[in-house]
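Please read through the structure below; I'll follow up with questions.
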Amino acid sequence: MSTDLTLRYMTVADVPEVVVIDEASFTPPWTARSYRFEINESNVSYMLVLEQPTQRPLTGFRRWWKNLIGSNETTEEMCTIVGYGGLWKIAEEAHISTIATHPDYRGRKLGEILLAGMIRRAIVLHARYVVLEVRVSNTVAQNLYHKYGFKMHGIKKNYYHHDHEDAYDMRLDLSGAAIATFKQQYRHLQQHNPFRDRYSRTPHPRLDR
Ligand SMILES: CC(C)(COP(=O)(O)OP(=O)(O)OC[C@H]1O[C@@H](n2cnc3c(N)ncnc32)[C@H](O)[C@@H]1OP(=O)(O)O)[C@@H](O)C(=O)NCCC(=O)NCCS
């Protein structure tokens, strides 16, 4: 695993890659338009992506150009988005609106990096608690949330319009003790899965101007 992982704010240029991950992760997915709204217009939304450098084969003009200048390079380094998330901050509540990692990159602590980034952002924004909804069948995501101290807070019947599945309401209270525990978890995660965090303590390019 590369140590060059970067957590940063989502931009409009990221939307096509994010939509690919979303479509592979959720039914129904969000539209590209809803991502653009969250990035450009919403007054409460802190969207993020996690990216890592990857080698891709040179194609088209770039390959032709490299040949022309006598280079024998066949690949180039690009940044690939491996996961994304969204956090709404409304009054004292931080609400995780979405989180997903690319199916090819699951099980590598990337979901954890995204979640930890959003919890840290919520703390920086002085939220008193973090909430989210999760399908009752989605035990993988529930395990991730439990690991970071979320507790079951209730159940929302027929929450998902598409198939009427129920959702668990989960909540993490950001008390002093919970924040101290989280800080330790964040440090541990950083030590074992290094990543550059340009999200959780970085001012939002539009909302924090
Ligand atoms: C949920 C999701 C974001 C987790 O991301 P991930 O990168 O695969 O997860 P990580 O590697 O960071 O794992 C973190 C924790 O999640 C849980 N987890 C991850 N994969 C798991 C699996 N296959 N089975 C059970 N628990 C699992 C574990 O608690 C794990 O911690 P551990 O490794 O110490 O046991 C990812 O599976 C995903 O994108 N799913 C589809 C979208 C989705 O369901 N989003 C949540 C909506 S509420």
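The values are calculated or read from the model by the stated rules, or taken from the named source; none is laboratory data. None of these values were measured; they are calculated from a predicted model. With ideal geometry, Cβ positions are generated from the backbone for all residues, glycine too; neighbour counts draw on all protein chains shown. Remember, those area values only see protein heavy atoms, side chains included, never the ligands or the DNA or RNA. Shrake-Rupley method; radii C 1.70, N 1.55, O 1.52, S 1.80 Å.
Can you give the relative contact order of region 1-144 as a percent, counting alpha carbon pairs under 8 Å and 6+ residues apart?
On the way: 210 pairs, mean separation 31.9, N = 144.
Reported relative contact order: 22 percent.
Next question, about the same structure. Keeping all protein chains in place and using 1.4 angstrom, which order do Arg196, Arg206 fall into by accessible surface area, from largest down?
Reading off the accessible areas and sorting them downward yields Arg196, Arg206.
How long are the semi-axes of the equivalent ellipsoid of the chain, defined as square roots of 5 times the Cα gyration tensor eigenvalues? Whole Å, largest first.
Value: 32, 20, 17 Å, ordered largest first.
Just subtract the alpha-carbon distance of Asn158 and Asn40 from 0.36 nm times their residue separation and send over the number in nm, one decimal.
Gain on extension, Asn158 to Asn40, equals 39.4 nm.
Carbon and sulfur: what percent of the chain's accessible surface (1.4 Å probe)?
The value for the chain is 52 percent carbon and sulfur by accessible area.
In region 5-198, how many lysine pairs have Cα atoms under 24 Å apart, counting only pairs 8 or more places apart or on different chains?
10
Among 130-136, 87-93, how do they line up by average Cβ neighbours within 10 Å per residue, starting with the highest?
Going by the mean number of other Cβ atoms within 10 Å, highest first, we get 130-136, 87-93.
With a Förster radius of 41 Å, plug the Cβ-Cβ distance of Thr75 and Thr139 into 1/(1 + (r/R0)^6) and report the FRET value to the nearest 0.05.
On the way: r = 38 Å, r/R0 = 0.93.
Efficiency for this residue pair is about 0.60.
Taking each pair of different alpha-carbon atoms in region 77-145 once, compute 1/r for the pair, average those values, and report the inverse of that mean as the Kirkwood hydrodynamic radius in Å to one decimal.
12.9
Listed highest first by mean packing, meaning other Cβ atoms within 10 Å per residue, what order do 24-32, 167-175, 38-46, 109-117 come in?
The packing order, highest mean first, is 109-117, 167-175, 38-46, 24-32.
Just to confirm, what accessible area per residue do you get for the chain at 1.4 Å probe, in whole Å²?
So the chain comes to 56 Å² accessible per residue, rounded to a whole number.
Taking 0.36 nm per intervening residue step and subtracting the Cα-Cα distance, what contour gain separates Arg108 from Lys183 on full extension?
Additional length available on full extension: 25.0 nm.
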